[in-house]
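The block underneath contains the structure these notes are about, expressed in structure tokens.
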Amino acid sequence: MPHAPHPTARPHAAPLSPRLRALLPVPLLLALAACGADTDRSGGAQVPPSLEALPGCDRVATALDGFLSGWTLTPDSGPWDDGAGRSHGVSCVWLSPEARSGNPFEAIQLASLGVMTTVDPRMQPEADIRSIGWVVDDAAVEAIGGHLVYPGGQLDFATPLGPVSPQIVVDKVSVAFAVTGAMVVDALDDDQTMTHRRAVDAAVAVHRLIQR
């Protein structure tokens, strides 16, 4: 059986802000570590992409097809490295222009969208995640050679994205979205709603931007 998730990775260069720290654990709860030692059981899988091979936040934003128009990227967004030569990635958090509070210290009142790209050689293979019933079959994800991870293996694609996000994994790389403060955002029309379907498709688009 899978062990508990390994600790959330932290940037090597600078500590995370409270906002970014609050977003990171949600998608990473699904990035389960491999059983036992850090052994690569992928059977000849390709070398995981380097930090330089991952798209920055500006390129990640293009994968959302205009959804982030008018949103503000937080200054603590960007690449991170755990400092141990194992996991690394890019964390991006945008603040909604519809947030009712303009006070950046009132984090709970600010609607935000986070996108986490994580490279971890200890990522479990699809067979292990499927064995515990956490894989959701999806043609768009399968088309890029990946699998969709979600607790319980049941996902309503039409519903809005919540604090527990679907995670798209290709080999040792995962992309996941997270939202906060949704209840304090003014009513949005359908085109401005981040549904699970839209999040999954955007995560697939982010994967396509990674240089492998």
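Nothing in this text is a laboratory measurement; each read-out follows from the coordinates by a stated rule. Nothing here was measured: the structure is a model prediction, and the numbers come from that model. Using ideal geometry, Cβ is built from the backbone for each residue, glycine included, and neighbour counts are taken over all protein chains shown.
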Give the long-range amide H neighbours of Gln124: residues separated by 5 or more places, or on another chain, with amide H under 5 Å away, using H modelled in the peptide plane at 1.01 Å from N. Leu32, Ala34
Arg208 and Glu52 label points (each 7 Å along its Cα→Cβ direction) are spaced in nm at 2.6 nm
Work out, step by step, the length gained on full extension between Thr159 and Thr195: first 0.36 nm times the residue separation, then minus their alpha carbon distance; give nm to one decimal. 12.4 nm
Under the Karplus relation with 6.51, -1.76 and 1.60 and θ = phi - 60°, whole-Hz ³J(HN,Hα) for the range 50-63, x at Gly and Pro, equal 6, 4, 5, 7, 8, x, x, 4, 4, 6, 4, 4, 5, 6
Whole-Hz ³J(HN,Hα) from phi, Karplus 6.51 cos²θ - 1.76 cosθ + 1.60, for the range 195-206, glycine and proline x: 7, 4, 4, 5, 5, 5, 5, 5, 5, 4, 5, 5
What list of ³J(HN,Hα) couplings, whole Hz, do you get for the range 126-138 from phi and the Karplus terms 6.51, -1.76, 1.60, once you set θ to phi - 60° and write x for glycine and proline? 4, 4, 5, 5, 5, 5, 9, x, 9, 9, 9, 5, 8
Could you compute the net charge surrounding Ala199? Neighbours are other residues with a C-beta less than 14 Å from the C-beta of Ala199; K and R count +1, D and E count -1. -2
Give me the net charge for the shell around Val149: Cβ to Cβ below 15 angstrom, other residues only, Lys and Arg +1, Asp and Glu -1. -4
